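The values are calculated or read from the model by the stated rules, or taken from the named source; none is laboratory data. Everything numeric here is computed off the predicted structure, so don't read it as measured data. Because the Cβ atoms are built from the backbone with ideal geometry, glycine has one as well, and the counts that use them run over all protein chains shown. All accessible areas refer to the heavy atoms of the entire protein, side chains included, with ligands and DNA or RNA removed. Shrake-Rupley method; radii C 1.70, N 1.55, O 1.52, S 1.80 Å.
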Amino acid sequence: MAAPATVIHTVGSKVWVPDPAESWIKAAVQKIEEGKDGAGVLIVALEENGELRRVPASDAPLQNVETRGGVEDMTRLSYLHEPGVLWNIKSRYMFDDIYTYTGSILIAVNPFAPLPHIYGPHMMDQYRGVDLGDLSPHVYAIADAAYRQMRKEMKGQSILVSGESGAGKTETSKLIMKYLAYMGGYMDAAGRRGSSSGRSVEEQVLESNPLLEAFGNAKTVRNNNSSRFGKYVEINFNEKGVISGAAIRTYLLERSRVVAVNNPERSYHIFYQLCDGASAEERARWFLKPAQEFNYLNQSTCFDIPGDSNAEEYQRTVTAMGKVGIPAEQRESVFATVASVLHLGNISFVEGKEADSSKVAPGAAQEHLQAAAALLGVDPAGLEHALTTRSRVMREGVIVSPLNVRSAVENRDSLAKIIYAKMFDWLVAAVNAAIGEDKNCAASVGVLDIYGFESFEYNDLEQFCINLANEKLQQHFNQHVFKQEQAEYEREEIDWSYIQFVDNQDVLDLIEGRLGVLDLLDEQCRFPTATHKDLAEKLYCTPSVKDSQRFAKPKLSQTAFTIQHYAGPVTYQTENFLDKNKDFVVAEHQQLLEASSRQFVQELFASEPVPEGAENTPSKAAPRAAFKFNSVGSQFKKQLGELMAQLHTMEPHYVRCVKPNGLNKPGLFENSNALHQLRCGGVLEAVRISCAGFPNKRPFPDFVDHFWSLAPELYHMPDLDDRQIAEGILKQSGLEGYQLGTSKVFLRAGQMALLDKQRTDKLSKAAVQLQRHARGFLGRLHYKQSKEAVVRMQAWARGMLARKEARALRQQKAATTIQTAYRRHKMRQQYQEVVHNITHLQALWRGYAARKAFAEMQRQRAALVIQSNWRGAACRSDFTALREAALLVQGAFRCKRAVGELRHLKSEAREAGKLLEDKKALEAKLREVQGTLELVQGQRNELRAEVKALKAELAGASEAQQRNELRAEVKALKAELAGASEAQQVRR
């Protein structure tokens, strides 16, 4: 019994708490409270975001000590529980360690990525002959353990590989078979591969996989290459450990997938390979069309798988058939039979002339009827008659009854399913015949690749049978695990008689017991008019079923039922149970196909041999009914019983495959998905069985090394061995749920947590004492160092203050000097600015005054010019008038005198001296005029110099004003010069 939660938890404990998204998340205990019912309640803080949650203490198991990459064997975990197992597998997966042990059970997580470095001959050499657990977990280690145990004991071994679709079961089985082939002489056989002896047994076994995958695998929503059947490969070995033969057995092929496909899944690969990969000649010979035109295939919109080519896969299938020894003629018959199944699906029916009768619809349906009949080697009319009628043998004779359209469709689908199932069985038999089983082998190793536990929203008969197989295997698994536990207890010589083992026999009794679900299902199938409602009512009313604690009726359904399996409850819908359970061969179908013109079809439907002593008269040979009743459930129950009987004679080894995420991506681990598979795979059931006994097993040295602090006085006694010290520690701790073996300490569930809590408490008290002394020493040391530091800081501070004061004085003096210079500079700048402004004003004023004086002077000069011009004009006018008058007078006078002068001149001309005097007078007058001209030119040069001076003086004035003033000056000068010139002319 687990210890009370309030005892094993303390504040600060690392725990796991449930989470709806991640299943389990890490947290730390912040506070412990007492609940209403007395149970402990924890206030925990999530490590991820610090969020506070309130959880019952019973739902918060303790965390294991974290190790990088987890532990290789989970039985070494201190706390073996669901979150510990999940987290350990996830931690290893993130480091690409996809294999983990749970005792002798191997858990393999699909990496969805190639890991070539952990496979191949070099790894096989490493694991060859090495005990399980000495090296890292690996599928080769399981295969090697089975092989060596087979050689040692000469007893059959079985390796059971299980998991859900996409978990990697098929690849794991291939790896196991490769290792067994390697150990059984594969290298020698590989050396003879090209010899006349043909291919070795192990090669044929390995090469049969693609063939069976083509006919038995299909695309589902979870896996693009999902095996829709169980496979058991038994490899035979002789006394020397060399492979001497092999046999393949298959279980529960999903026949319903032949006639019904859910979207977006596919039917079996071979249908699509045949439609896309057959040559033109083959397509004409088998009347093939594109897959989209066949009713059995176009129920889904998925016809291709991304990354795969149907045509290339078809060629691989043909090659594989040749490699396993199927001749070309039989390959032709197999593909013709596959094509006939497709044509059967396209045969539709309409109502016949009689009531409740039917016939093949005209048009395309007739063509497909002709094609199916030709491929099966039967008469089209006979095939139509077999599909649309049913014969009943009565005492009075044979009664032929027509079938309505719905019954005819069911009859057609039944024929298609039985043809495909018999063809698949023939293929398996052909592979076995080619390989050859050694009936006289020394021992054998069987590899079982079977579907894992399934639980969907809609669960049908296939899921029911699959889960029945898993229940049987789980019982075998539980017995094996419990047997191993018992063996270890016996080796350690401890008392284990009081440990109770609870298995799932009650579930098996409910399903396959007398008047169980399978019996009632077969009983209802014998009634032609029975419906799924009748089956459900029968289940609800039968005491052996309804009184079982594992059986329940859903509240929201009147035809479904729920079974509480080991992995959880599963609700099954009965709508298709009756149809899918019927596995009989209709007499009309048997008689028709038995008489086929094709030998292959005759072999498929060959009659069972008549027992010796039976009369062979026609009346005795006639069947007593139209069919021999057989059911899928009873047949599968029989096969499963034979398988379990064989497995019970062998030593089992288990590999549980886990699919880490639903997206098939590497590096992604979904906790809820993986946890569900661990439950379905029985790993957590094995943990439960282990917890029912002594889940914690520690060797004495490891136990003492971990818990010596609980009794240190015993640890330091040299005369005590590890067992005595461990016993003393357990007695001092007050535990009761333990036993001491010969080499280990065995603890019941919860006892390890109590010991860890005592150890933690004692170490905490010791740590407190150490902390007290250490803190005192550190406090004194800190005080001393602080005092010395304070003195140093004071000296440094005082020096700093003195330096600061001296620096302040220097700065003050420097500031005064700077201020003086700055103020002097500012005052000088202000003085220069005032002087400049005053000078500028003076210049402006003087310029203004000069311009004003110059303007006045110009005005006066202009007035003088005007006056002079006016006076000159008046004078000239007076002069002109006077001159004219004078000229008139002079003319008259001169005329008067001219006569006299003429006389006088004539007299004077005679005198030369008079002429020289006149010449001198004229030269003197000329010199006077030249002097006046030079004077005027000098005055003009002075005026030009004065104008230049005025221009320089007026440089600061505006350009327009200067231009106007200059123009005025120039005009004035021109006027003055003009006046001077005129005056000169006047003088002249």
Restricting to segment 19-57, what's the tally of residues that are closer than 25 Å to Lys90 by Cβ, of a type in the set (Gly, Ala, Ser) and surrounded by 15 or more Cβ atoms within 10 Å (Cβ to Cβ)?
-> 5
Take the residues of segment 54-67 that are touching a Phe, Trp or Tyr at 6+ places or on another chain (Cβ under 8 Å) and of a type outside the set (Gly, Ala, Ser): which is nearest to Ile107 (Cα to Cα)?
-> Asn64
Result of the Cβ filter at 9 Å on segment 323-337, keeping first residues that are free of Cβ contacts under 8 Å to residues at least 40 places away in the same chain and outside any loop (DSSP other than H, G, I, E, B) and partners that are open to solvent by less than 60 Å² (accessible area, probe 1.4 Å) and of a type outside the set (A, V, I, L, M), at least 6 apart or interchain, is Ala328/Gly322; Glu329/Phe600; Arg331/Gly322; Glu332/Glu282; Glu332/Phe600
Look through Asp19, Asp59 and report the one residue that is within 22 Å of Met752 (Cα to Cα) and among the acidic types (Asp, Glu).
-> Asp59
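To keep it simple, each residue is scored yes or no on (1) without any contact (Cβ under 8 Å) to a residue 24 or more places away in the chain; (2) open to solvent by less than 10 Å² (accessible area, probe 1.4 Å); (3) β-branched (Val, Ile, Thr); (4) within 30 Å of Ala143 (Cβ to Cβ).
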residue: Pro380; (1), (2), (3), (4): yes, no, no, no
residue: Phe424; (1), (2), (3), (4): no, yes, no, yes
residue: Ile435; (1), (2), (3), (4): no, no, yes, yes
residue: Val447; (1), (2), (3), (4): no, yes, yes, yes
residue: Tyr451; (1), (2), (3), (4): no, no, no, yes
For residues that are basic (Lys, Arg), in a loop (DSSP other than H, G, I, E, B) and under 41 Å from the mean Cα position of the chain (by Cα), scanning just segment 234-288, find the one that is surrounded by the most Cβ atoms within 10 Å (Cβ to Cβ).
-> Arg266
Look at segment 944-963 and say how many of its residues are at pLDDT 65 or above and either open to solvent by 50 Å² or more (accessible area, probe 1.4 Å) or among the basic types (Lys, Arg) (or both).
-> 10
Close pairs from segment 67-92: first under 17 Å from Ser23 (Cα atoms), partner crowded, with 18+ Cβ neighbours inside 10 Å and among the aromatic types (Phe, Trp, Tyr), Cβ under 6 Å, at least 6 apart = Pro83/Trp16; Pro83/Trp24
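Give segment 643-668 a look and list any residue that's of a type in the set (S, T, N, Q) and either touching a helix residue (DSSP H, G or I) at 6+ places or on another chain (Cβ under 7 Å) or assigned to a loop (DSSP other than H, G, I, E, B) (or both), or say none.
In the first step, residues of segment 643-668 are kept if they are of a type in the set (S, T, N, Q); the result is 646, 649, 661, 664.
Those that are of a type in the set (S, T, N, Q) and either touching a helix residue (DSSP H, G or I) at 6+ places or on another chain (Cβ under 7 Å) or assigned to a loop (DSSP other than H, G, I, E, B) (or both): Thr649, Asn661, Asn664.
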Please state which one of Ser78, Ser136, Ser158 is outside any helix (DSSP H, G or I), open to solvent by less than 20 Å² (accessible area, probe 1.4 Å) and of a type outside the set (Val, Ile, Thr).
-> Ser158
Filter result for Leu297 (open to solvent by less than 10 Å² (accessible area, probe 1.4 Å) and under 34 Å from the mean Cα position of the chain (by Cα)) | yes
Going by the structure shown, is Ser165 assigned to a loop (DSSP other than H, G, I, E, B) and hydroxyl-bearing (Ser, Thr, Tyr)?
-> yes
Among the strands (runs of 3 or more DSSP E) contained in segment 691-801, which hold 2 or more residues that are modelled with pLDDT under 80 and open to solvent by 50 Å² or more (accessible area, probe 1.4 Å)?
-> none
Give the number of residues within segment 511-564 that are open to solvent by less than 20 Å² (accessible area, probe 1.4 Å), in a strand (DSSP E or B), of a type outside the set (Gly, Ala, Ser) and touching a Ser or Thr at 6+ places or on another chain (Cβ under 6 Å).
-> 0
Within segment 964-988, how many residues are of a type in the set (Gly, Ala, Ser) and either at pLDDT 70 or above or open to solvent by 90 Å² or more (accessible area, probe 1.4 Å) (or both)?
-> 5
